[in-house]
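Below is one structure, written out as structure tokens, with a few remarks after it.
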Amino acid sequence: MTIKKCCILFGVCLAFTLNAQNRIPEVEALLQKMTLEEKIGQLNLLTPGGGVATGEVVSKNVEAKIKAGQVGGLFGVAGPEKVRVAQELAVKESRLGIPLLFGSDVIHGYKTTYPIPLGLSASWDLDLMKQAAQMAAREATADGINWNFSPMVDIARDPRWGRMAEGAGEDPYLGSRIATAMVEGYQGNDLAAAHTMLACVKHFALYGASEAGRDYHSVDMGKIKMFNQYLPPYKAAVDAGVASVMSSFNDVDGIPASGNKWLLTDLLRDRWGFEGFVVSDYTSVNEMIAHGLGDLQAVSALSLNAGLDMDMVGEGFLTTLKKSVEDGKVTEEAITNACRRILEAKYNSGLFDDPYRYLDSKRPIKDILTVENRALARKLAAHSFVLLKNHGQILPVKKNQKIALIGPLADSRNNMLGTWAPTGDTHLAVTVLEGFRNVAPNATIGFAKGANIADDPIFAEHVNVFGPRIEIDERAPEVLVDEAVQLALNSDVVIAVVGEATEMSGEAASRTDISIPESQKILIRALVATGKPVALVLMSGRPLTIPDEYELPVAILQVWHPGVEAGNAIADVVFGDYNPSGKLTATWPRNVGQIPIYYSAKNTGRPAPESGEFQKFRSNYLDAPNSPLFPFGYGLSYTTFEYSDLKLDKETIGQDESISVTVTVTNTGNFDGEEVVQLYLRDVVRSITPPKRELKGFEKVFLKKGERKEVTITLSPNDLKFYNGQLEYVAEPGDFEVFVGTNSDAQLSKSFVLK
Ligand code: NOJ
């Protein structure tokens, strides 16, 4: 029960208690006053581009529409002054004075950009992720934003898809835990509090399964896979009370998500009990015309009837719904219901109490890009890095050496933030070169570019849509490599910062070849040929195929795109001030032919031999093993951990019982460090084919060198459940195998029986 107080806008001042199931009296009273046109207006979400405040790039139409009560929310407008101008238009100049929602894509930090979500997920640290979301909410609300188009929770098992960067990887269990942490971080306990904002889980649904990893492509998936593998993170966000849901671009069972009644009403509202509002993705209603579902009036009516409440940018609702009511295609009641949900969100955000509540001009300086926020971004980045290989313990590097810092990403401010950081500022990013100088002031650090990120100008043009990311040097590639080799020869150790430019992943950034571009491969080989110890610091927004680089005698530290504190965080880890503890949240294939590849695949009736050797008439390839280069959950440390003494507290459990799994972990190396203890479960026999194993628990623990700890993870009754052939959520009696260890290949195992 929440106490809400007076509503100044309607001149009624009453205190009352609100039950989530009940209608909100203020909203109902307002609905009574609204014309059909005004209700339709609330369903319209616009982005005015340059900002309503300045008047420069302002679309006059946006202003006029706000005044006419034809806009429910805006995005792309930020800063208390600008937002106030727009809010005043709505509150003071529209007939009913209904405040606007102000949305934004705060995907990985507002101004204090932290690692891309795929990187953040690799920390496996839910508390840190929640802190990250809280920081993002604090900064965004300080700038007048009260609605965030995040978290993106699409399960992704195809690294060709560029938007894998925006999510938490391949696993529904981990993805669900992260979805919950992010929603809780953004929304807190009170949506009307000054530092919280409405979250929007996206992209509902299955966007991560776009065919061939090509963005916006079709999705075709059976319900069992959907319910067990792809839907859980969206459901977790709904269970955590997410205020809004964004429909996806793709079709689900032949009907685009934005017009899919089964998805938006039967599943989301009726089965899951979602009570918030659903917004389309950018023009996704209009795009149903290209999908082949009819003209704008038809697709807009289809969407509204399916359960879509708000139309992002396309204005199909605004321009056609009234006619659809007249034509009997849509009822006014359906429009009222959609409008009610949007008004309720505004009410819950406290905007009816005070439409200017997020517009305190003193807050930006106090809350944005503070020393504490930057410190958190640095910590988040360091915790997201994954040590993939450490040949000869090249890492960590001593601070008093001659270091050759080489590579097209070693001094590239434009590529540190990562994809989808439109509210961030590349100028504020710390380059790797700067970070090295900050953290190791006594080292002798030489820099050489060594190579272009890619040599192909057409490819560079495709990537450089938001500014220079791939800058092709005037010098010939051979000259760049020679200079780097000379520097390497005159140094004690080589750190090569290589990989993808920021916009080589992200929206509309699918790749058919996910290896390191050839220009950089040549550089890497030349550096290794010098005989100097070489560590690769690898940046990317997705798993890459690096079998050749893996074979070289190098260290490889995967750092994703680390955000505004990139250089400092990389230096912290390279010089050993922080011992890497990240673990992959998506499988790294050997080559694109293995895609889709994920650890929780099924066994098939003809499983490949355990040895990995090819066998005819088995489920394997002629030319490569089935195993990936790096499995899900993989990541090394500067120290080593040993697992022993796996114990279960019971051998048999009943349907309502939990079971505790205990393992001893020992730090057997020479550094203090953190380890992510992972628990996988195999349901041995059941009514539908089970995955080989599934993550069902994890715990990140810190162990001093030589320290030993018992770690206990408890499996709850729900952890044994799955959606059966009738889509009922059940646990079936029988044998279960538990695996515990350092990644999804964990071998220590025990069995128990569910009665
Ligand atoms: C399109 C993207 O798919 C979505 O993630 C984003 O929130 C909207 N554009 C708004 O910018």
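The values are calculated or read from the model by the stated rules, or taken from the named source; none is laboratory data. On a predicted model such as this, the values are computed, not experimentally measured, just so you know. Virtual Cβ from ideal backbone geometry, glycine too; neighbours counted across all protein chains shown. Keep in mind that these areas ignore ligands, DNA and RNA; they rest on the heavy atoms of the full protein, side chains included. Shrake-Rupley method; radii C 1.70, N 1.55, O 1.52, S 1.80 Å.
Results, tabulated for the structure shown:
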read-out: Helical mean residue ellipticity (222 nm; -39500 (n - 2.57) per DSSP H run of 4+; nearest 500) of the chain; value: -8000 deg cm²/dmol
read-out: Rounded D (µm²/s) - the range 530-594, Kirkwood Rh over Cα pairs, Stokes-Einstein at 10 °C, 1.306 mPa s; value: 119
read-out: Accessible area of the range 641-754 divided out per residue, in Å², using a probe of 1.4 angstrom; value: 45
read-out: Counting DSSP beta bridges with both ends in the chain, the antiparallel % (nearest 5); value: 55
read-out: Rh (Kirkwood; distinct C-alpha pairs) - the range 95-247, Å; value: 15.5
read-out: Gyration tensor (Cα) of the range 641-754, equivalent ellipsoid semi-axes in angstrom; value: 29, 13, 11
read-out: D_trans [Stokes-Einstein, Kirkwood Rh over alpha-carbon pairs] for the range 281-387, 4 °C, 1.567 mPa s, µm² s⁻¹; value: 74
read-out: Net charge, S644 excluded, C-beta distance under 13 Å - Lys, Arg +1, Asp, Glu -1; value: +1
read-out: Label-point separation in nm, V371 to D577, each point 7 Å along Cα→Cβ; value: 1.5
read-out: Expected-Rg normalisation [2.2 N^0.38 Å, Cα atoms] applied to the range 369-586; value: 0.93
read-out: At R0 = 60 Å, FRET efficiency that the Cβ-Cβ distance of K362 and K616 yields, to 0.05; value: 0.25
read-out: The range 104-364, accessible surface, carbon-and-sulfur percent (1.4 angstrom probe); value: 47
read-out: Phi to ³J(HN,Hα) by Karplus 6.51 cos²θ - 1.76 cosθ + 1.60 over the range 154-170, Hz, x for Gly, Pro; value: 5, 5, 9, 10, 9, x, 5, 6, x, 7, 4, 4, 8, x, 10, x, 9
read-out: Listed residues L748, L409 arranged by accessible area, highest first, probe 1.4 Å; value: L748, L409
read-out: For the range 535-544, 3J(HN,Hα) per residue [Karplus equation, 6.51 cos²θ - 1.76 cosθ + 1.60, θ = phi - 60°, Hz, x = Gly/Pro]; value: 10, 8, 9, 9, 10, 5, x, 6, x, 10
read-out: Approximate spin-label separation E474-E642, in nm, with each point projected 7 Å along Cα-to-Cβ; value: 6.0
read-out: Counted charge near D220, where neighbours are those whose Cβ lies closer than 9 Å (Asp, Glu -1; Lys, Arg +1); value: -3
read-out: Residues with amide H under 5 Å from that of V554, placed H, sequence gap 5 or more; value: H391
read-out: Rounded, prolate or oblate (a/c below 1.5 giving rounded, otherwise prolate when a/b exceeds b/c) for the range 104-364 by Cα gyration tensor; value: oblate
read-out: When the range 69-117 is reduced to its Cα atoms, the Kirkwood hydrodynamic radius in Å; value: 12.1
read-out: Protection proxy ranking of 681-694, 125-138, 661-674 - average other beta-carbon atoms within 10 Å, highest first; value: 125-138, 661-674, 681-694
read-out: DSSP bridge pairs, the range 369-586: antiparallel proportion in percent, nearest 5; value: 15
read-out: Centre separation in Å (Cα based) which lies between the range 620-643 and the range 511-578; value: 17
read-out: Evaluated over the chain, the Cα radius of gyration and Dmax, each in Å; value: 26.5, 79
read-out: Using θ = phi - 60° and Karplus 6.51 cos²θ - 1.76 cosθ + 1.60, couplings along the range 591-599 (whole Hz; Gly, Pro as x); value: 7, 5, x, 7, 6, x, 9, 7, 5
read-out: Volume per residue of the C-alpha convex hull in the range 202-326, rounded to whole Å³; value: 95
read-out: Over the range 77-173, relative contact order from alpha-carbon pairs under 8 Å, at least 6 apart, %; value: 33
read-out: Fraction of beta bridges assigned by DSSP in the range 104-364 that are antiparallel (%, nearest 5); value: 15
read-out: Amide hydrogen neighbours beyond the local backbone of F204, cut-off 5 Å, H modeled; value: M246, S247, S248
